[in-house]
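For reference, the structure discussed in these notes is given below.
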Amino acid sequence: MKAFDYQRADSAQAAAAMAANAQGVRFIAGGTNLLDLMKLEIERPETVIDISRLPLDAIEDTEDGGLRIGALVTNSDLAADARVRRDYEVLARALLSGASGQLRNKATTGGNLLQRTRCFYFYNRAMPCNKREPGSGCAALEGRNRIHAILGGSEHCIATHPSDMAVAMMALGASVEIQSPDGKTKTLALSELYRLPGDTPHLETELEQGDLITGVVLPAPVGGRQIYRKVRDRASYAFALVSVAAVIGLEDGKIGSAQLAFGGLAPMPWRNSDLEDALIGQTPSPELWGRAADILLADAKGHGENDFKIALARRTLAHVLDAACGGEK
Amino acid sequence: MHLTLTVNGTEHALDLDPRTSLLDMLRDHLDLTGSKKGCDHGQCGACTVLLNGRRINSCLSLAVMHEGDEITTIEGLGEEGKLSPLQAAFVAHDGYQCGYCTPGQICSATAMLGEVEAGWPSHVSDNLEDQPQLTDAEISERMSGNLCRCSAYPNIVDAISEVGGGRK
Amino acid sequence: MDVNFKMDKPVERSLLDTTNQNIISRPLDRIEGPLKVSGRAKYSAEFKLPNMAHGVLVGAAIGKGRVKEIDVKSVEALPGVLMVVTDTEKFLRNPAQGMDTEAPKQGVTSIDYFGQPIALVVAETFEAARNAANALSVTYEDAEGRFDFDARIDTAKPKKDSEKNQGDVDDAMRSAHANVDAKWTTPSQSSAAMEPHASLAHWEGQKLVLYGSYQMLSSNRLQLADAMGLDPEDVRILAHYVGGGFGAKLGIGPESVAAAVAAKDLGRPVRVVMTRQQVFEATVRRSNTVQHLQLAADAEGRLTGVSHETITGNLEGEDFSEPASAATQFLYSGANRRFGNEIVLMDQVLAGSMRAPGEAVGMLALEGAMDELAELLDVDPVELRKRNIPERHPTSDLPFSSRSLAECLEIGARDFGWSKRKSAPASTLEGEWWIGHGMATAARSNMLIKSSARVTLQPDGRALVETDMTDIGTGTYTILAQIAAELLGLPIDAVDIHLGDTNFPPASGSGGSFGAASAGTSVYLACEKLRQTIAEKLGGEVEDLVLSDGMARMGNTSEPLSELIAEPLEATATVEPGETGKAFVQAGFGAHFAEVAVHAHTGEVRVRRMEGTFAAGRILNEKTAISQCFGGMVFGIGTALTEDMMHDHRYGHIVNRDLAEYHLPVNADVPQLKVKFLEERDHAANPLLAKGIGELGISGAGAAIANAIYNACGVRVRDYPITLDKLIDHLPDPKGL
């Protein structure tokens, strides 16, 4: 870990302002991913601004019946919140499927959204990686890529986003509240927060220097069946190979509403509105699930070891839709 | 950088490199080597301590972020002759072998029982809103952040189950 | 009073069967337990010496080539940095293999694997050393590496003396009623003990003292002395507690010499703890294997031919090759037999011993093949195994010292409810899970290794046991105390056990499942000698002596030991293997039964039930022995389902070099296992009549799971680990049921 200047911020606005004017700044809250990366010197900040004591740890009802989640609400507190358990089961389930009890006690809502990839090559400084070292190349494309993306990648990067929480939030249509250094606040749909790698995989979000995520807003609950299904290499404490967050409403035996997002498949939590449109108004059937998977995976590209994710995504989607529409969970 | 915090009921004032992890502070500066370093990246749980009563990986936290906090380590839970119920149960059920992951397991289990009592659900809870029961499956899932390569898992589950009120 | 005992003929009666103190074999709590659960047991990196400096190793960032330059100046100016040690001559290229008496290959100018330690940065604090180790600028001259095992498999060379041929296997295969002829592959694995390798070195004049996390101190001392050019008498190694080993700490690692050199150069104690990444990259792995199994059987299901040929990889200059056919050579009958090992030279981290080297992966192939053969013959898998238990060793014709294999198979099957199993694959669907049952035999060779201990009976009535034996979690502290307490008639808390210090008599060390029997026998012999001395003091024959509750009784005389002994009474005993090791086939045996669930849609596998029934001679402590078997069985779960050390074929490095991506089983992967021991005594093994148990539990465990997966869903995977990607394309349609 490189030596850094440690500072504490008194307010979100002050934190943003401090960050706007310094080079190589990182906010730290839970630290569970940042310190991991700093020890390996994959992250080498000059300045670390401690935001962990800012008053951003509340979960509040919003006027339109939704929920505002402070950026510093821990994953544990969010999963244990009675409203989340009752109205946003998919989110609670996603949180509980992630990491471990200890990590969830530290990891925060804001930090979870900004987790960096677990790509093997990103994690090894001796390897080429366009995300870590722009222009150095992508060693995963023709390397060990069992855990890598089949959707949304580019010839420069096929790293996946590791979050479970963000997948559920994506399905729920969450938006992100941001404090800018100029004192203003802005709101971005979560789907707008992330960038696909293209030829700039080191740029992962639309946040600008100094921008600080202060909270996440969930729209009012939509009802229906909520499922988060995570498929991984061991029973717990592992990142998703494929995960599906689903919020499905049935009306008269037909699908009335469908909100779906996917983890483990892409550089960002993946949502596809064509897939949802194709489901709405239809009668549940294995054929429909197949059509949905066709839409989801139309542009899917395997890179060798991760080819299986195409079949796995197809099977997991069908299984989740079946369960959501009345079958077994 | 100056820091004041309480560890196992004793207040300590320290001057630390900001890079010092909470774990290294405990082991190298306070000689509390009960908290173990198995991976230093939050991937094994051997460093688990209680931060204001909650279990965390002390390797993934900067000491300087804990001004005024209360930390409890395995040394603070009990010692020979006055072991905590979980410590005693780990001995009776052979919930360890080499002993290296053990302090982390016990700190983790200590807080975990509180989480269950507080009604926190887990990944394997059938229903998120009901009071969770301390079944073997619940214990195993909730303790999965603590690796044990000697693989004492069945005995760890037995020990925790006993302290948590017996098999459900 | 020294005792030397060679195991030249079977021991007819063991004192442990006659002392009647009810201490041996009982499931007593570990005597060091309170220290471990309260965080007071001290491991190597936890000793703190005055003025200690912190060292962090720097590993090569290329997989093959040479170090051109290490720019020491690039870090010297960083605050806190004391020195960069670049002793290219003394540094170890790789760890020593277990029981070696010399240093492993030294010299690190040329790079033979990615992560090979090439320098040590020493600083006032760990934080400064870690940063400087990352910042150290090294220039390399790249060379083409041998990184792709599959592409190089044709270059495999036979391992010396590994080939064994009997009869004509090819002919047996041709004329068989049924045969199996297939290849199994197993990946590289990491022992991944929870305590990373650590050494704390300091010098007392010309003498080196090293707190090191090692399993076999007496040979570690020879290795370290040789590496440092010292007389072994001038090297002392201490390891009171070792946070797991599983083979990875059998020989000294690169951090030991680095710490010793730095401490010498700096004139201060230096502590070097490997990072978890370095443990993966620069200690020792279990080699990946390709195993070719051939089984030929007649119409009655009797084996006529057995062939087990193995290809493994290793570094240049290393000849260790996982002896995968170790158990295959004696487990089942069959007149025609063929065994052999070949090695592919690889520029990858050292391959060496990991828990049950040989059987751990060999039994995956053998017991998988037996399962396939049982299906071809339409014979129950348990029955097939029973039918092929040989009278004597199929090649040497030696007798077995003790073998309760048939009993383990029968009792294990009964306890598990094996008869209720449906033999046709994909017969049971519960919800969305295919349920299946599988079994496998367990077998692991038993050994006795030279070992010494000193037992001192103190005038206060306490006994002290001293040996440089280690307890790596195996229960050594407790079983040695039980043996001494049983034989000296003392309560167990009147026995003090001092281990892990080369100042004590040299022991076998912990490895190969021989520790308990070897070190235990040395304690037994020393106690036996003390009993004789006490009998003499009482003026009678030792046969008439009864030691109990701290009292010595002879006929009508009875005296407290504390009054009988004015001066400390000491006996040092050494046991050595002898003729019984050559005259008998010695092994522990058992049977694994597993129930698994395979998700019908995703291919996820869960072990729902797993039971092991074992016979390994006398069980010295039922509680710690069960834990050892649990440990082996969970290694089996990891081997079957999750563990895979993945190398990059272009750069040579291990891509998943941490515990997030190298998947050890977690608590949720493991059901409440069951273990049962059958009563057995092995008179040819040692005076304890006990056999090793630490590696028996892993042998066959993974195969039982693989066989259960096949029974659950009808997919036979011969490429371990059986991750879901290998299943999903072949899963049956649940609607077809």
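What follows draws every value from the coordinates through simple rules; no lab data is involved. Everything quoted here is computed from the prediction, not taken from an experiment. Glycine also receives a Cβ, built like all others from the backbone with ideal geometry; neighbour counts cover every protein chain displayed.
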* Asked: Peptide C:629-641: average number of partner chain Cβ atoms within 10 Å per residue?
  -> 3
* Averaged over peptide B:30-38, how many Cβ atoms belonging to another chain are found within 10 Å of each residue's Cβ? -> 6
* Asked: So how compact is segment B:85-164: Cα radius of gyration and Dmax in angstrom?
  -> 12.1, 38
* Name the residues whose placed amide hydrogens come within less than 5 Å of the amide hydrogen of C:Ala178, ignoring near sequence neighbours (fewer than 5 apart) on the same chain. => C:Ala297
* **Calculated from backbone phi, Karplus (6.51, -1.76, 1.60) coupling profile of segment C:477-490 in Hz, x at Gly/Pro** => 3, 6, 6, 5, 5, 5, 5, 5, 5, 4, 7, 9, x, 10
* Structure fact -> Rounded to the nearest 0.05, FRET efficiency between B:Glu11 and A:Glu60 (Cβ-Cβ, R0 45 Å) equals 0.80
* Asked: What translational D, rounded to a whole number of µm²/s, comes out for segment A:111-152 from Stokes-Einstein when the hydrodynamic radius is the Kirkwood one over Cα pairs, at 4 °C and 1.567 mPa s?
  -> 118
* Using only alpha carbon pairs under 8 Å that are at least six residues apart, calculate the relative contact order of segment C:253-344 and give it in whole percent. => 23
* Asked: segment C:536-574 to segment C:333-408: how many Å between their Cα centroids?
  -> 48
* **Virtual spin-label span in nm between A:Glu206 and C:Asp171, 7 Å along Cα→Cβ** => 7.9
* Alpha-carbon Debye profile of segment A:97-192, log10 I(q)/I(0) at 0.21 Å⁻¹ -> -1.11
* Please report, largest first and rounded to whole Å, the three semi-axes of the ellipsoid equivalent to chain B, where each semi-axis is the square root of five times an eigenvalue of the C-alpha gyration tensor. => 28, 17, 14
* Structure fact -> Least to most buried among B:His66, C:His683, by other C-beta atoms within 10 Å and fewest first, runs C:His683, B:His66
* **Mean ellipticity per residue at 222 nm, deg cm²/dmol - from DSSP H runs of n ≥ 4 across the protein assembly as shown, formula -39500 (n - 2.57)** => -7500 deg cm²/dmol
* For C:Arg606 and C:Glu316 in one chain, what is 0.36 nm times their gap in residues minus the Cα-Cα distance, to one decimal in nm? -> 100.4 nm
* Structure fact -> Subtracting the Cα-Cα distance of C:His393 and C:Val72 from 0.36 nm times their residue separation yields 109.6 nm
* To do: Using the Karplus curve 6.51 cos²θ - 1.76 cosθ + 1.60 with θ = phi - 60°, work out ³J(HN,Hα) for each residue of segment C:557-572 in order, rounded to whole Hz, and write x for Gly and Pro.
  => 7, 8, 9, x, 4, 5, 8, 6, 10, 8, 10, x, 9, 10, 9, 10
* Output ³J(HN,Hα) for segment A:237-254: one whole-Hz value per residue in order, computed from phi by the Karplus curve 6.51 cos²θ - 1.76 cosθ + 1.60 with θ = phi - 60°, and x for Gly and Pro. => 6, 8, 6, 6, 7, 9, 9, 10, 9, 9, 10, 10, x, 9, 9, 6, x, 10
* How high is the relative contact order of chain C, in percent, with contacts defined as C-alpha pairs under 8 Å that are six or more residues apart? -> 18
* Label-to-label distance, nm, for residues given as C:Glu144 and C:Glu12 (7 Å Cα→Cβ offset) -> 6.9
* Asked: Expressed as a whole percent, how much of the Cα-Cα distance distribution for the protein assembly as shown exceeds 55 Å?
  -> 18
* Asked: Tell me, what is the FRET efficiency for C:Val542 and B:Lys82 to the nearest 0.05, using R0 = 51 angstrom and their Cβ-Cβ distance as r?
  -> 0.75
* **Long-range HN-HN contacts of C:Ser353 with modeled amide H, under 5 Å** => C:Gly98
* To do: Quick one: which residues, 5+ away or cross-chain, put their amide H under 5 Å from the amide H of A:Ala258? H built at 1.01 Å from N.
  => A:Gly249
* Measuring from centroid to centroid over Cα atoms, what is the spacing of segment C:430-446 and segment A:226-246 in Å? -> 25
* Asked: Hey, in the GNM for chain A with a 10 angstrom Cα cutoff, which one of A:Asn21, A:Asn130, A:Asn112 fluctuates hardest?
  -> A:Asn21
* Asked: Mind checking the mean number of beta-carbon atoms from other chains within 10 Å of the Cβ atoms in C:27-34?
  -> 5
* Mean separation of Cα pairs under 8 Å and 6+ residues apart, divided by the residue count of segment C:492-650: what relative contact order is that in percent? -> 12
* **Bins of 5 Å, starting at 0 and running to the largest distance - Cα pair percent for segment A:225-325** => 2, 13, 25, 27, 17, 9, 5, 1, 0
* Highest average packing first - A:264-271, C:551-558, Cβ atoms within 10 Å -> A:264-271, C:551-558
* **Gap separating the Cα centres of segment C:122-199 and segment C:474-529, nearest whole Å** => 35
* Asked: In what sequence, highest mean first, do C:392-401, C:717-726, A:196-205 appear when ranked by Cβ atoms within 10 angstrom?
  -> C:717-726, A:196-205, C:392-401
* Which value results when the Cα radius of gyration for chain A is divided by 2.2 N^0.38 Å? -> 0.98
